[in-house]
Each structure stands twice: as structure tokens, then as C-alpha cells.
Amino acid sequence: MAQELLPSTHPVKSREQTTCCVVGAGPAGAVLSFMLARQGIPVILLESHLDFDRDFRGDTFHPSILEVMDELGLADRLLQLPHTKLSQVTVPTPTGPRVVLDLSHLKTKFPYTAFMPQSRFLAFITGEAQCFPSFQLVMGAHVEELIEEGGHVRGVRYRGRDGWHEVRALLTIGADGRFSRLRRLAGFEPIKSLQPMDVLWFRLPRKPDDPRGLMGRFGRGHILGQIERGEQWQVIYIIAKGSYRQVRAAGLEALRHSIVETAPEFADRVGALTDWQQIPVLSVEADRLPRWYRPGLLLIGDAAHVMSPAGGNGINYAIMDAVAAANLLTAPLQAGEVTVADLARIQRRREWPTRIIQAMVNLLQDRLLKAALDPTSSFTFPSFLGWPLVRKVIPQLFAFGIRPEHVQQQARRRPTWFPNRHQPKPRISFGLSTS
Ligand SMILES: Cc1cc2nc3c(=O)[nH]c(=O)nc-3n(C[C@H](O)[C@H](O)[C@H](O)COP(=O)(O)OP(=O)(O)OC[C@H]3O[C@@H](n4cnc5c(N)ncnc54)[C@H](O)[C@@H]3O)c2cc1C
């Protein structure tokens, strides 16, 4: 556990009091803040960046997320924003193309995954939240300290553009992602699991007569995936864990060559890759916290459990945590008292689905990816992927995860005081004093 912090010595520009302070406007923090503010609960959402622009993040909006958006009355407007729908994933095999995932038969209003840049989704959700007078978003707010009294977290201190600020709150939520500052400040140590891969991301031009959707191909010692993004392909180049240095040392020309070897149609466009700066690398990690809460503090999303990007679970489980937290915390927050038992209930509800899916992904990665990423072994599809039960279960798991959350009935009703959404009251500031 963290040591009791001494009072901050920083001169503080502003002090605000709220009911819930959410740190991190990623998918978990943004959706939770929206849902609480919609119930009239005062929320301050603090985000360290000045905008939502983030390249190559989880941007697969699974049927489970779209159902939640529908329950909140947001799905129609969300799906008016540019996005790509995907209901099948095909991989070429020596015996011809093989459909490895098919969502089209699922019993849901949304039998597909919507691909949309995460930045667009976050701007949309926080824009909708700004319709509620109880919501306030502060961009450029780097949270660096917890305010603690008698072992109870009472809020945070953040550094903005004009200096230090304090937000005191009945409850603080850490939704600050895989490098969570709050989990470090709270003294929580994650349990890590070894991952077999790292991922390079880049874009290549897409031609009008190119195929559509998402594809995956196995190369020699790598896997190449491509996702349709308007006039571009977002390409995912998966390599064995720790081999990035070798890829870099071999040089850009070798990388371009290997891309063309796996996807010959890219021969006329790999020349667009001229600099390693165009090719960020994600060191794939997966971990989980044994405990997600302390008095006055709860961690959700990647801050509580970093998921492997395989299967697009990161964003899905982050949003499901947010829905569970909103469902279980609305009443205690409205009543002005959140107990440790309330927080423990959220971990109990969300921990086991997270652990099961992490274990399943680890198993699949071990059986599939390790062999595919070893250039010395010849890769064949494991036969169990063709078993009828497995073919049925995988789309379900991909679409809904384990224990999908739903917005509780009373929260689905449009609040009677719902403001005119065409005249949102701006409640956004940029790391500056708002008081
Ligand atoms: C390169 C990359 C590719 C990915 N690809 C996929 C994918 O294909 N599929 C998939 O499902 N998942 C993917 N993920 C993971 C996915 O993006 C995350 O699981 C998901 O975004 C988690 O949501 P979150 O809200 O918990 O955290 P995040 O999305 O990480 O949001 C945390 C937010 O907190 C803010 N923050 C951090 N520290 C502070 C602080 N001290 N003060 C204030 N704000 C702070 C951050 O700026 C950020 O906005 C990828 C992640 C990365 C990094």
C-alpha cells in the first residue's frame, strides 16, 4: 500500500469539489463520465492530452459496445459518423480463403464490428456528455498526485498549463490506461503475463478496386493484417516479442521487401514507407491488478487490466468496466456515500470475465502465434479451430466477450431534465483554472 502522502507543497491555482473525479478520457473514462453525468451526478473528467488524436488504438466497436450505445440512445448518431463495418474475417490458406470469423448470424441488432478511429468516438462521447450541466472536462490536466486523508483517497492534484490545481471528490476513478499513474500512486502492483508478440503499425494507400474490410496473412516469421480505413489501409505487422531491434537493424528496405513477399499487391505502394517514424511499435503487454480499489479510489479499464490487442478486447473490456461501474455506483454516488464494499462489488463483477478472456487469449496466442512467428517452423492452422463448437463460440466471444454489460433499465430512460442536445453548454477547459 502507498504511504500516507504529505500535503502538497505546490501553490495551487484552483480547488474544486465534485462528486466523482475521473482521471483519463479514454474509452473507459469517457463512457463512465457520460453515464454518471446523464444521471445528474457531478463529474470532472481530467485528460492529460490537449486533444483526442491518438494513432493506432483499439478502435473496434464490437456488437456489445454498439448495444450499450443503443441502450443509451446514442447508436444512431454514433453510426452516422464515418466508420467501416466488418462481419467476416478471411485468411488465405494453401487450400483457399478461409473464413475464421463470421458475425453475420449473431442474434443482435448489430451483427458486425464497427471500425472507427478512437479519437472520433471519444470526441463524440465527450461532446454528448457536454449536454449535461453536471459534466466538466479538463483537457491538458496531468494528474500527478493523490489527495489522501487517513488512508482514504479524497481526490487528485493535476498540473495544467497555468500551474497546479486540486479536485476533491467523493470518489476518484483511475481510467488512465496501461501506464496508469494512479495505480502507481496507490501502490498497486500488477501481475503480468508473458506475451509472444510485438506489433508495428503503419498506413499504406488503398486503391478504389482493393478488397474491403479486414484481412490477415501469415508471412515468414510475421503476420500481416490490414484494416480498411477510407483511402488507406491500416497495416498491422506482428513480430515475435523482442525482435523489433532485429527488424530495425535489417533496415526499411528489408521490411518493405517482407511486406511485399506476404502481400504482393502492395509492391507499388510500400515506397510510401520512407521513415521509421511512420511505423510506431506497440510492446504488447497483458497484466491485471489483484485489487482494483482502495477507500475513495477505483481503477477500471487498462489501468486495472492491460489486455493483449489480439481480438480487440482492450476497448471492449474497458467500456464494459465503465458500464458496470456506472450501474453499481450511480445510487451510492447519488446518496453521497461510496463504501469499500461498493467498490469491491465492481471488481467481483468484472474481474473474472477479464481473467477468463486473458487466459483464453494467452492459450490461443500460444497455440497460434508462437508457431506463426517462428520463421523456422512451418505454420498450419490448428485443427481445433474447425470444430463446430469452436466455430460457434469464437464469434460470440469476439462480439460480446464474457459477461457483456448492459445499461440498467432505469438508466435507459431519457432523463426528464434532459437538456436540448442541439445547444450543448460548453463545459470544457484546457488545463486552466475554471473557478
Ligand atoms: C498502439 C496501440 C494499439 C492498440 N490496438 C488495439 C486494438 O487493436 N484492439 C484493442 O481492443 N485494443 C487495442 N489497444 C488497447 C486499447 O486502445 C485500450 O485497451 C483501450 O483504449 C483502453 O481504454 P482505457 O480507457 O482503459 O485506457 P486508454 O485508452 O489508455 O485511456 C487512458 C487515458 O488516460 C489519459 N491519461 C494517462 N495518464 C494520465 C494522467 N496522469 N492524467 C490525466 N490523464 C491521463 C491518457 O492520455 C488516455 O487518454 C491498443 C493500444 C495501443 C497503445
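The values are calculated or read from the model by the stated rules, or taken from the named source; none is laboratory data. Predicted, not measured: the structure shown is a model, and the values here were computed from it. Virtual Cβ from ideal backbone geometry, glycine too; neighbours counted across all protein chains shown. Note: areas computed on protein heavy atoms with side chains; ligands, DNA, RNA excluded. Shrake-Rupley method; radii C 1.70, N 1.55, O 1.52, S 1.80 Å.
Within segment 165-297, the proportion of C-alpha pairs whose separation exceeds 20 Å stands at 57%.
Computed per residue of the chain from DSSP H runs no shorter than four, each worth -39500 (n - 2.57), the mean residue ellipticity at 222 nm is -9000 deg cm²/dmol. Rolling a 1.4 angstrom probe over the protein heavy atoms with all chains in place gives segment 200-253 an accessible area of 51 Å² per residue. Debye calculation, C-alpha points only, no solvent: report log10 I(q)/I(0) for segment 254-294 at q = 0.18, 0.20, 0.27 Å⁻¹, in the same order as the q values. So the normalised log intensities work out to -0.63, -0.72, -0.97. The residues of segment 307-417 expose, per residue, 50 Å² of accessible area to a 1.4 Å probe.
Work through the residues other than residue 210 whose Cβ is under 15 Å from its Cβ and net out their charges, Lys, Arg +1 and Asp, Glu -1. Once positives and negatives cancel, what remains is +2. Expressed as an acute angle from 0 to 90° and rounded to the nearest 10, what is the orientation of the C-alpha long axis of helix 27-38 relative to the principal long axis of the chain? Value to nearest ten degrees: 40.
The Rg/Rh ratio of segment 82-189, with Rg taken over Cα atoms and Rh as the Kirkwood radius over Cα pairs, comes to 1.17. In the chain, the longest principal axis of the Cα atoms and the axis of helix 340-364 are about 10 degrees apart.
Sparsely packed loop sites in segment 105-207 (the trypsin sites (Lys or Arg not before Pro) outside DSSP H, G, I, E and B with at most 10 other Cβ atoms within 10 Å) comprise 107, 109. The C-alpha atoms of the chain define a longest principal axis, and helix 252-262 lies at about 70 degrees to it. Once you've got the Cα coordinates, tell me which of 241/370; 107/392; 85/241 are over 19 Å apart. Too far apart for the 19 Å limit: 85/241. The percentage of C-alpha pairs in segment 194-243 whose separation is greater than 18 Å is 34%. Of 323, 281, 22, which is the most mobile in a GNM of the chain whose springs link Cα atoms less than 10 angstrom apart? It is 281. Shown here is the pair-distance distribution of segment 321-371: with all Cα-Cα distances grouped in 10 Å bins from zero up to the longest one, the shares run 23, 35, 20, 15, 7, 0 percent.
Note on the chain: with a GNM built from Cα contacts shorter than 10 Å, the maximum mean-square fluctuation among 393, 199, 167 falls on 393. Here the Kirkwood formula puts the hydrodynamic radius of segment 41-96 at 15.1 Å, using every distinct Cα pair.
When its C-alpha radius of gyration is set against 2.2 N^0.38 Å (N residues), segment 221-331 gives a value of 1.45. For segment 1-147, with equal point scatterers placed on the C-alpha atoms only and solvent neglected, what are the log10 I(q)/I(0) values from the Debye formula at q = 0.15 1/Å, to two decimals? Debye intensities relative to I(0), on a log10 scale: -0.86.
Taking the Cα atoms of the chain, the ratio Rg/Rh between the radius of gyration and the Kirkwood radius comes to 0.98. Taking only the C-alpha atoms of segment 277-413, Rg followed by Dmax gives 18.3, 62 Å. If you take the Cα centroid of segment 228-295 and the Cα centroid of segment 7-81, the two points sit 28 Å apart. Taking every alpha-carbon pair within segment 132-217, the share separated by more than 14 Å comes to 77 percent. Largest mean-square fluctuation among 51, 209, 162, in a Gaussian network model of the chain whose springs join Cα atoms under 10 Å apart, belongs to 209.
Taking only the Cα atoms of segment 138-182, the radius of gyration and Dmax are 10.6, 30 Å. What you get for the chain, charging only the Cβ of Lys and Arg (+1) and of Asp and Glu (-1), is a dipole of about 640 debye around the Cα centre. With both labels modelled 7 Å from their Cα along Cα-to-Cβ, the residue 257 to residue 374 distance reads 2.5 nm. Computed from point charges on the beta carbon alone (+1 for Lys and Arg, -1 for Asp and Glu), the dipole magnitude for segment 211-334 about its Cα centre is near 340 Debye.
For the chain, the fraction of 1.4 Å probe accessible surface lying on carbon and sulfur atoms is 55 percent.
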